[in-house]
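Everything on this sheet refers to the single structure shown next.
The values are calculated or read from the model by the stated rules, or taken from the named source; none is laboratory data. A quick note: this is a predicted structure, and the numbers were derived from the prediction, not measured. Because the Cβ atoms are built from the backbone with ideal geometry, glycine has one as well, and the counts that use them run over all protein chains shown.
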């Protein structure tokens, strides 16, 4: 079932205000489908935008690193939408083809070794505790 996507023209004032904030922060003419889908519940839309804005802002980690981490987690979680969205964002933040290739290698290796460790029920070494 396809989610309902709330368009700006049909949105109430609270949703429009959040859409306007997203558009201004990202310098885009319209919000993407993720935000339009969340807009069916304005409280979830607001909470998600405010949290994402805080988490993804520059800090101890730069924006490119944060986007690459978000991309890696999205790949591991199997979220096609988030992989596409944050892949594009990581590229805009400076991720090049070589970085993407290494990211793929790390994601693939982590997935493999995580599954092996879980399948074998390897106990955690005391030094890692």
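State yes or no: is residue 123 in a loop (DSSP other than H, G, I, E, B) and at pLDDT below 95?
no
Going by the structure shown, is residue 110 loosely packed, with under 12 Cβ neighbours inside 10 Å, more than 16 Å from the chain's Cα centre (by Cα) and part of a helix (DSSP H, G or I)?
Taking the combined requirement at face value, the residue does not satisfy it.
So which residues in segment 17-33 are surrounded by 15 or more Cβ atoms within 10 Å (Cβ to Cβ) and either touching a strand residue (DSSP E or B) at 6+ places or on another chain (Cβ under 9 Å) or in a helix (DSSP H, G or I) (or both), if there are any at all?
Matches in segment 17-33: 18, 19, 21, 22, 23.
If we scan segment 88-107, do we find a residue that is at pLDDT 95 or above, under 19 Å from residue 25 (Cα atoms), outside the structural domain of residue 20 (by TED's automatic domain parsing) and not in a helix (DSSP H, G or I)?
Yes, segment 88-107 contains a residue that is at pLDDT 95 or above, under 19 Å from residue 25 (Cα atoms), outside the structural domain of residue 20 (by TED's automatic domain parsing) and not in a helix (DSSP H, G or I).
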